[in-house]
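The values are calculated or read from the model by the stated rules, or taken from the named source; none is laboratory data. Note that this is a predicted model, so its numbers are computed, not measured. No Cβ is skipped: glycine too gets one built from the backbone with ideal geometry, and neighbour counts run over all protein chains shown. The area values use the complete protein model at the heavy-atom level, side chains included, leaving out ligands, DNA and RNA. Shrake-Rupley method; radii C 1.70, N 1.55, O 1.52, S 1.80 Å.
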Amino acid sequence: MSSQNKFNVAYIKLCTKTEGPFNRCCIWFQGCNLNCKGCCNKDLQALIPNHIVDFDKLVEIVKEARDNFGIEGVTLSGGEPSLQKGLIDFNKAIHGLGLGIIMFSGRSKDALNPELVNSVDLLIDGPFIESELDTDRVLLGSKNKSLTFITDRYEAEADYFNNPVSIEEITAEDYIFINGD
Ligand code: SF4
């Protein structure tokens with residue numbers, strides 16, 4: 001699958017253990033218009049071009065992460081991933097590589113394009129609410145956030161999120177920095 005779409009990427013980690021179960025490639029997209037009070041990724045809110053990456057190039061990066069690091073899947077974060085045009089086709093391409101997809105969104109599931117929702121395996125949705133800080137579940141941020149298992153791919157991994165501690169095992173080569181085209 002190919003597309004003329006381009007993505008606005010802030011940064012990518014090719015292999016991490018801290019953005020969901022298993023080894024994952026994590027993509028942080030630039031831009032979010034939700035302005036949650038206490039947002040921990042304020043630098044990623046600005047709706048400005050950061051690294052503009054071709055559809056095919058981003059798929060290739062993920063493929064290389066799979067081949068070089070044996071990732072199980074991709075985590076889409078940000079910023080607000082749902083602002084990225086072409087994400088549905090991108091997710092299809094990622095599934096075509098045999099990889100799973102976890103997507104964070106500050107929007108509620110009902111406010112998202114159903115086709116986008118159905119293109120991921122696990123959706124973590126809802127805005128960050130500072131007054132509902134969640135210290136019992138890793139990665140989720142606030143207690144209002146919910147996990148929706150769109151497919152059964154991660155159902156057995158639900159407990160991953162019931163752990164406030166996550167230990168990173170990183171190597172020097174697992175980060176990449178993209179130069180815009
Ligand atoms: S949705 Fe996420 S990135 Fe956007 S403002 Fe809220 S916490 Fe920040």
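Condition check for Met103 on (1) surrounded by fewer than 22 Cβ atoms within 10 Å (Cβ to Cβ); (2) farther than 17 Å from Lys6 by Cβ: one failure, at (1). The set of residues from segment 111-145 being touching a Cys at 6+ places or on another chain (Cβ under 9 Å) and hydroxyl-bearing (Ser, Thr, Tyr) comprises just one member, Ser142.
Answer yes or no as to whether Phe128 is among the aromatic types (Phe, Trp, Tyr), in contact (Cβ under 8 Å) with a residue 60 or more places away in the chain, open to solvent by less than 50 Å² (accessible area, probe 1.4 Å) and within 16 Å of the ligand (Cβ to nearest atom). Even if it seems obvious, please write down each step before you answer.
Values: among the aromatic types (Phe, Trp, Tyr): yes; in contact (Cβ under 8 Å) with a residue 60 or more places away in the chain: yes; open to solvent by less than 50 Å² (accessible area, probe 1.4 Å): yes; within 16 Å of the ligand (Cβ to nearest atom): yes.
So Phe128 fits the description; yes.
Among the residues of segment 20-77, those that are hydrophobic (A, V, I, L, M, F, W, C), part of a strand (DSSP E or B) and either within 16 Å of the ligand (Cβ to nearest atom) or open to solvent by 80 Å² or more (accessible area, probe 1.4 Å) (or both) comprise Cys26, Ile27, Trp28, Phe29, Leu76. Considering each residue of segment 108-122 in turn, none proves to be part of a strand (DSSP E or B), of a type in the set (Asp, Glu) and closer than 19 Å to Tyr160 by Cα. If you go through segment 85-94 and keep only what is open to solvent by 40 Å² or more (accessible area, probe 1.4 Å) and in contact with a strand residue (DSSP E or B) (Cβ under 7 Å, 6 or more places away or on another chain), you end up with nothing.
Can you say whether Ser82 is within 11 Å of the ligand (Cβ to nearest atom), open to solvent by 10 Å² or more (accessible area, probe 1.4 Å) and either in a helix (DSSP H, G or I) or among the polar types (S, T, N, Q) (or both), as far as the supplied structure shows? Before the answer, list the steps.
Values: within 11 Å of the ligand (Cβ to nearest atom): yes; open to solvent by 10 Å² or more (accessible area, probe 1.4 Å): yes; either in a helix (DSSP H, G or I) or among the polar types (S, T, N, Q) (or both): yes.
The answer is yes for Ser82.
Looking only at residues in segment 106-123 that are open to solvent by less than 30 Å² (accessible area, probe 1.4 Å) and either in contact (Cβ under 8 Å) with a residue 40 or more places away in the chain or within 17 Å of Tyr11 (Cα to Cα) (or both), the one that is nearest to the ligand (Cβ to nearest atom) is Gly106. Tell me which of these Thr151 doesn't satisfy, since it passes every other one: (1) surrounded by fewer than 20 Cβ atoms within 10 Å (Cβ to Cβ); (2) within 16 Å of the ligand (Cβ to nearest atom). With respect to (1) surrounded by fewer than 20 Cβ atoms within 10 Å (Cβ to Cβ); (2) within 16 Å of the ligand (Cβ to nearest atom), Thr151 is out only on (2).
Any residue that is hydrophobic (A, V, I, L, M, F, W, C) and in contact with a Leu (Cβ under 9 Å, 6 or more places away or on another chain) - is there at least one of those in segment 13-21? Walk me through how you get there before you give the answer.
Quick first cut of segment 13-21, residues hydrophobic (A, V, I, L, M, F, W, C) only: 14-15.
Going one step further and asking which of them are in contact with a Leu (Cβ under 9 Å, 6 or more places away or on another chain), we end up with none.
No, segment 13-21 contains no residue that is hydrophobic (A, V, I, L, M, F, W, C) and in contact with a Leu (Cβ under 9 Å, 6 or more places away or on another chain).
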